[in-house]
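Colleague: A single structure is presented below for examination.
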Amino acid sequence: MKLDTNTLARLADLLENAELQAKDVTKITDDHPAMDWDDAYAIQDQIRQRKEARGQKTVGLKCGLTSHAKMKQMGVTTPVFGFISDYMACPEGSDIKMSELIHPKVEAEICVVTKTALRGPGCHVATVLAAIDFVVPGVEIIDSRYRDFKFDLKSVIADNTSASRFVVGGRARNADELDLRTLGVVLEKNGEIVAMAAGAAVMGHPAAAIAALANHLGARGKEIPAGSFIMTGGVTEAIAVQAGDSINVRFQDLGTVGMRFV
Ligand code: OOG
Ligand code: MG
C-alpha cells in the first residue's frame, strides 16, 4: 500500500460521488502516481462498504477486460474484478435513464450463478464448471466515472471497474447443456448488428475468467461464495449508447436480452 488511510477514503468518496451524481472526474492516478494494486482494490472495497452501510446489497461479482476485444479497446492486458449492487439491476426490456449516467456503453456477457464456493489458488476451468449452478445471459451497462472513458488499470479498479447497471434476461440453462466456448453472441443496436463474438473470446473460455476471479480473491484470503451471480466480462468491444437507442443481444441457446435508453 502506498496511499494513507485518509487518501484512500477521500478517493472512494470522490469516485462514489461521481457515480451517484453522474459527473465525471479525471483519472486518480494523475494526482496519485504512486498508487499500487492494493490501494486500487482498497478504494473499491471502501466504495462497497459505503454502499452496504447504506443498506445496498452486493448481489454479484464481475470480471472485466477479459476479452481481447475489450483489452484492445481500453489499451490494457490484464483482467480486473469488481462488484455489483442491487440498485444496478434493471428489468429485461426496461427503459434505462440516461440522466442518471455519464457516458454509458453496453457489453454482452455470459453470466453464471454458482452452487458451491470457489477458492483459489489453483482454480481452473474444470473446477469452475463443477461449481456452476446455471448459465444466464446478461448485458452490462458500464459507465466509467473518468472523463472520456480514459483510465489505466489501477484507476478503473478503484472505480469498481465502471460498474453501473446490468440486465439479465433470456433463459437460464445448465452448463452441461452448453459449450460456453462456441456459444454465439450477436449484439444489435437499433436493429442493426454492431458486434458479435463467441464465448471463447473471454480468455478462451468464460469459466477461465471465473477461475481468475477465484484466484484473485484467494490471494486476498477470500472466496467466491456458493450462490454467487458472476458476470464474466464483455465478449466484444463495448458499444456506446445514447438516448433513443435500443439494444438487443441474442445469445445462442440462451435467448435475448434487451433494453432501451431514454
Ligand atoms: C472497464 C470494465 C470492463 C468488461 O466486461 O470488460 C468490463 C471498462 O471498460 O470501463 O466490465
Ligand atoms: Mg463488463
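The values are calculated or read from the model by the stated rules, or taken from the named source; none is laboratory data. This is a predicted model, so every value here is computed, not measured. For neighbour counting, all protein chains shown are included, and Cβ atoms are generated from backbone atoms with ideal geometry for every residue, glycine included. The protein model used for the area step is the full one, side chains on, heavy atoms only, and it has no ligands, DNA or RNA in it. Shrake-Rupley method; radii C 1.70, N 1.55, O 1.52, S 1.80 Å.
Colleague: Identify all residues within region 52-80 that are open to solvent by less than 20 Å² (accessible area, probe 1.4 Å), assigned to a strand (DSSP E or B) and either of a type outside the set (A, V, I, L, M) or more than 14 Å from ligand 1 (Cβ to nearest atom) (or both); write none if there are none.
Modeller: GLY60, LYS62, CYS63, GLY64, SER67
Colleague: Also: Find the residue count for region 1-22, including only residues that are in contact with a Leu (Cβ under 9 Å, 6 or more places away or on another chain) and farther than 17 Å from SER85 by Cα.
Modeller: Of the residues in region 1-22, 3 are in contact with a Leu (Cβ under 9 Å, 6 or more places away or on another chain) and farther than 17 Å from SER85 by Cα.
Colleague: Right, something else. Quick check: anything in region 1-23 away from ligand 1 (no atom under 16 Å from the Cβ) and at pLDDT below 95?
Modeller: Yes, region 1-23 contains at least one residue that is away from ligand 1 (no atom under 16 Å from the Cβ) and at pLDDT below 95.
Colleague: Going by what's in this entry, would SER155 be described as among the polar types (S, T, N, Q) and part of a loop (DSSP other than H, G, I, E, B)?
Modeller: Details: among the polar types (S, T, N, Q): yes; part of a loop (DSSP other than H, G, I, E, B): no.
In short, no.
Colleague: Out of the residues in region 219-257 that are buried (at least 18 other Cβ atoms within 10 Å of the Cβ) and among the small types (Gly, Ala, Ser), which is nearest to LYS115 (Cα to Cα)? Step through it out loud before you land on a result.
Modeller: Our first condition is that a residue be buried (at least 18 other Cβ atoms within 10 Å of the Cβ); within region 219-257, this holds for 224, 228-239, 241, 245, 247-251, 254, 257.
Narrowing further to those that are among the small types (Gly, Ala, Ser): 228, 233-234, 238.
Values: SER228: 8, GLY233: 20, GLY234: 23, ALA238: 29 Å.
Looking at the filtered set, the residue picked out is SER228.
Colleague: Hey, ASP133 hits all of (1) modelled with pLDDT under 95; (2) assigned to a strand (DSSP E or B) but one; which does it fall short on?
Modeller: If we test ASP133 against (1) modelled with pLDDT under 95; (2) assigned to a strand (DSSP E or B), just (1) comes out false.
Colleague: A further question on this structure: Output the residues belonging to region 1-34 that are small (Gly, Ala, Ser) and either exposed (fewer than 11 other Cβ atoms within 10 Å of the Cβ) or touching a strand residue (DSSP E or B) at 6+ places or on another chain (Cβ under 9 Å) (or both). Don't jump to the end; show me each part of the working.
Modeller: Taking region 1-34 and keeping what is small (Gly, Ala, Ser), we get 9, 12, 18, 22, 34.
Those that are small (Gly, Ala, Ser) and either exposed (fewer than 11 other Cβ atoms within 10 Å of the Cβ) or touching a strand residue (DSSP E or B) at 6+ places or on another chain (Cβ under 9 Å) (or both): ALA18, ALA34.
Colleague: Scan region 42-57 and give yes if some residue there is farther than 20 Å from SER155 by Cβ, touching a residue at least 24 places away in the same chain (Cβ under 8 Å) and not acidic (Asp, Glu), otherwise no.
Modeller: Yes, region 42-57 contains at least one residue that is farther than 20 Å from SER155 by Cβ, touching a residue at least 24 places away in the same chain (Cβ under 8 Å) and not acidic (Asp, Glu).
Colleague: Restricting to region 129-185, name every residue that is of a type in the set (Phe, Trp, Tyr), closer than 30 Å to HIS32 by Cβ and open to solvent by 10 Å² or more (accessible area, probe 1.4 Å). Working first, answer last.
Modeller: Residues of region 129-185 of a type in the set (Phe, Trp, Tyr): 134, 146, 149, 151, 166.
Those left that are additionally closer than 30 Å to HIS32 by Cβ: 146, 149, 151, 166.
Of everything in region 129-185, those that are of a type in the set (Phe, Trp, Tyr), closer than 30 Å to HIS32 by Cβ and open to solvent by 10 Å² or more (accessible area, probe 1.4 Å) turn out to be PHE149, PHE151, PHE166.
Colleague: OK, next. Read through the list (1) within 16 Å of ligand 2 (Cβ to nearest atom); (2) closer than 28 Å to PRO33 by Cβ, then give the number of the only condition that ILE230 fails.
Modeller: (2)
The rows are residues; the columns are (1) away from ligand 1 (no atom under 12 Å from the Cβ); (2) under 20 Å from TYR87 (Cα atoms); (3) in contact with a Pro (Cβ under 8 Å, 6 or more places away or on another chain).
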residue: LEU153; (1), (2), (3): no, no, no
residue: ASP159; (1), (2), (3): no, yes, no
residue: VAL167; (1), (2), (3): yes, yes, yes
residue: ILE193; (1), (2), (3): yes, no, no
residue: ILE224; (1), (2), (3): yes, no, no
residue: GLY227; (1), (2), (3): yes, yes, no
residue: GLN242; (1), (2), (3): yes, no, no
residue: LEU254; (1), (2), (3): yes, no, yes
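Colleague: Now for a separate question. Select from region 82-102 the residues that are in contact with a Lys or Arg (Cβ under 9 Å, 6 or more places away or on another chain) and open to solvent by 30 Å² or more (accessible area, probe 1.4 Å) and write down the one among them that is nearest to ligand 2 (Cβ to nearest atom).
Modeller: Applying the first criterion (in contact with a Lys or Arg (Cβ under 9 Å, 6 or more places away or on another chain)) to region 82-102 yields 82-90, 93-96, 100-102.
With open to solvent by 30 Å² or more (accessible area, probe 1.4 Å) added as a condition, the list becomes 86-87, 89, 93, 95, 100, 102.
Numbers: ASP86: 18, TYR87: 17, ALA89: 14, GLY93: 20, ASP95: 21, GLU100: 18, ILE102: 16 Å.
Within region 82-102, the match that is nearest to ligand 2 (Cβ to nearest atom) is ALA89.
Colleague: Out of the residues in region 186-207 that are of a type in the set (A, V, I, L, M, F, W, C) and open to solvent by less than 20 Å² (accessible area, probe 1.4 Å), state the one that is nearest to ALA126 (Cα to Cα). Give the derivation first.
Modeller: Looking only at region 186-207, we keep the residues that are of a type in the set (A, V, I, L, M, F, W, C), and these are 186-187, 193-198, 200-203, 207.
From what's left, open to solvent by less than 20 Å² (accessible area, probe 1.4 Å): 187, 195, 202, 207.
Working: LEU187: 28, ALA195: 29, VAL202: 16, ALA207: 8 Å.
Among those that are of a type in the set (A, V, I, L, M, F, W, C) and open to solvent by less than 20 Å² (accessible area, probe 1.4 Å), it is ALA207.
Colleague: I would also like to ask the following. Being away from ligand 2 (no atom under 16 Å from the Cβ), touching a Lys or Arg at 6+ places or on another chain (Cβ under 7 Å) and basic (Lys, Arg) narrows it down to one of LYS27, LYS23, LYS57, so name that one. Give the steps one after another, and end with the answer.
Modeller: Values: LYS23 fails: touching a Lys or Arg at 6+ places or on another chain (Cβ under 7 Å); LYS57 fails: touching a Lys or Arg at 6+ places or on another chain (Cβ under 7 Å).
Selected residue: LYS27, the only one of LYS27, LYS23, LYS57 that is away from ligand 2 (no atom under 16 Å from the Cβ), touching a Lys or Arg at 6+ places or on another chain (Cβ under 7 Å) and basic (Lys, Arg).
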